[in-house]
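I have placed the structure first, in the form of structure tokens, so that the comments after it can refer back to it.
The values are calculated or read from the model by the stated rules, or taken from the named source; none is laboratory data. This is a predicted model, so every value here is computed, not measured. So basically every Cβ, Gly included, is an ideal-geometry build from the backbone, and we count neighbours across all protein chains shown. Heavy atoms of the whole protein, side chains included, go into the accessibility calculation; ligands, DNA and RNA do not. Shrake-Rupley method; radii C 1.70, N 1.55, O 1.52, S 1.80 Å.
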Amino acid sequence: LRLVLAEGFAWSSAACLVCRRGAGRKIMLGLSLLVGFSTGLLAYYWARVPKRPLLVACQPFRSFLEKYCPIVNEMFYPTPWCFEGRLQTIVRVFLKSRPPVHYRSEVLRTRDGGQLLLDWADNEDRSTDPESCPIVLFLPGLTGNSEETYILHMVRTARQQGYRAVVFNNRGCKGEELLTYRAFCANNTEDLELVVAHIKSQFPRAPLMAVGVSLGGILVLNYLGQKGREAGLVAAMTFSVSWDSFATTHSLETPLNLVLFNKRLTANLRQLIQRHRKVVAERLDVDRVLKVPSPPQEKS
């Protein structure tokens, strides 16, 4: 009996040793694959990802930027673990924070009987002359408003730098009622023209700047192109603006971008139409609009 037990114990020990060695090999293999993948990813990052900004400007403006904004000549190093644009967009959804920003709202009536909402965030520095305090006008992206996290962060930064901030919410995007069937369009700058004129009338001595994101950036650029020196702005900046709208539309319809972005954009537009169904139904078949799977591509 002792001999049998001893042999059984020996076989069990040998089996455990074999299992441990097998598990150890798997762990080492996993670590080797992880190290190899990480090394390859870092090699790709350092070889292909960091780039200098592409500066497209006439020589006088280029010289101005290089002198007063030296960052335009510096190498840009994206976050190593999240350097791809689509991945950054997705990660932002999970890592976003909401800085506290308190607005005072103002309703503007438009010439066609509609209304839009301005949200003001005044500069808290009492030493600054309120009549001449520089103003930054922010324009959110498609169906966005002053409560978007990227807008909140920019508004907070502007206030910390001593600016007064105001957010232009497109018609119907902040919860206010849509009074006419007209909402907003990237190619129509009448509402932006109204907002700029209103701000300039309220603070004629204050320099006014505009910052647009995505659709808001397209509005800013179209407005500048139409108004030129009569725009009433001392400076403007845009983020995430499509260089070619037709190419962007086709890109959004590709399988990966369709799943990651286009369906979400379409859902937001459907919600906007549904929320203002009563007034939109005066001109459109709302039920048909709500069945559209994604925004239709424009034909050139």
In the stretch 80-169 the accessible area split gives carbon plus sulfur, as whole percent at 1.4 Å, a share of 53
37 °C / 0.692 mPa s Stokes-Einstein diffusion coefficient of the stretch 216-300, Kirkwood radius on C-alpha pairs, µm²/s: 214
Starting from the alpha-carbon convex hull of the stretch 51-180, give the projected area averaged over all orientations, in nm². 11.7
For Leu260 and Ser32 in the same chain, what is the full-extension length gain: residue separation times 0.36 nm, less their Cα-Cα distance, in nm? 78.9 nm
What shape does the stretch 188-262 take by its C-alpha gyration tensor, where a ≥ b ≥ c are the square roots of the eigenvalues and a/c under 1.5 counts as rounded, a/b above b/c as prolate, and the rest as oblate? prolate
Just from its helices, what would the mean residue ellipticity at 222 nm be for the chain, if runs of 4 or more DSSP H residues each count -39500 (n - 2.57) and the sum is divided by every residue, rounded to the nearest 500 deg cm²/dmol? -14500 deg cm²/dmol
Which length gain, in nm to one decimal place, applies between Thr157 and Val49 when the Cα-Cα distance is subtracted from 0.36 nm times their residue separation? 36.1 nm
What's log10 of I(q)/I(0) for the stretch 65-119 at q = 0.23, 0.24, 0.28 Å⁻¹, Debye sum over Cα points only, no solvent? -0.89, -0.92, -1.06
Relative contact order in percent for the stretch 30-165 (Cα pairs under 8 Å, 6+ apart) equals 19
Hey, what did the stretch 91-134 get for relative contact order, percent, Cα under 8 Å, at least 6 apart? 28
Between Gly114, Gly36, Gly225, where does the largest GNM mean-square fluctuation fall for the chain, given springs only between Cα atoms within less than 10 Å? Gly36
Using the per-residue mean of other Cβ atoms lying within 10 Å as a proxy for protection, in what order, highest first, do the peptides 195-201, 102-108, 234-240 fall? 195-201, 234-240, 102-108
Shape box of the chain [Cα atoms, principal axes, largest first, Å]: 102, 55, 45
Suppose R0 equals 41 Å; then what is the FRET efficiency for Tyr77 and Ala267 from their Cβ-Cβ distance, rounded to the nearest 0.05? 0.75
